[in-house]
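Since every read-out is calculated from the coordinates, none of them should be taken as a lab result. Small disclaimer: the values here were computed from a predicted structure and weren't measured.
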Amino acid sequence: MYGLPGRIVSSNTANIAFPERDCRNDCTGQGYTWIVFELTLSSSFSAAHALVIKGVREPVHGHDWQVEATFRGDSLDEDGLLLDFHALEADLEAVIGPFRTSDLNASPAFRDLNPSAEEVARLIGRQLLDRLPGHVSLARISVTEAPGCKAAWLPEGHGDR
């Protein structure tokens, strides 16, 4: 069962109550996790790739990849921050920097992977997960390879690290 912000959201693995509606008194003790803060960071890089689709390799072509990462947490640090945007930018750059102006097929990161937008999103997301402090989670990472063509990876609750 899913809902809009301000509603309780349930799935097989988690129950989330969004803070726009204060239902803490209604939901106490029911296993709900309160997501209070979200940060979203965007970046981009240019890279080429060639997918293998049904055994046929397409021609190498380039994209201006747009990356959007959303982070969640329920507490702020002593400076009133969930995360420092500058630190997040540095972490994201450390992950995507090696892909800039490269052929993803030639990248060691994609040695055993077809560099689809889905795999690019998952690879970037997994590397970002390793850099996050314990009070913050990666809610979603999306990659747009061309206008109207976006893939997202949602790591929470899927055991896919």
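Working note: Cα atoms of the stretch 37-153, range along each principal axis, descending, whole Å: 53, 25, 22.
Diffusion of the stretch 105-161 by Stokes-Einstein, at 20 °C in a medium of 1.002 mPa s and with Rh set to the Kirkwood radius over alpha-carbon pairs, works out to 176 µm²/s.
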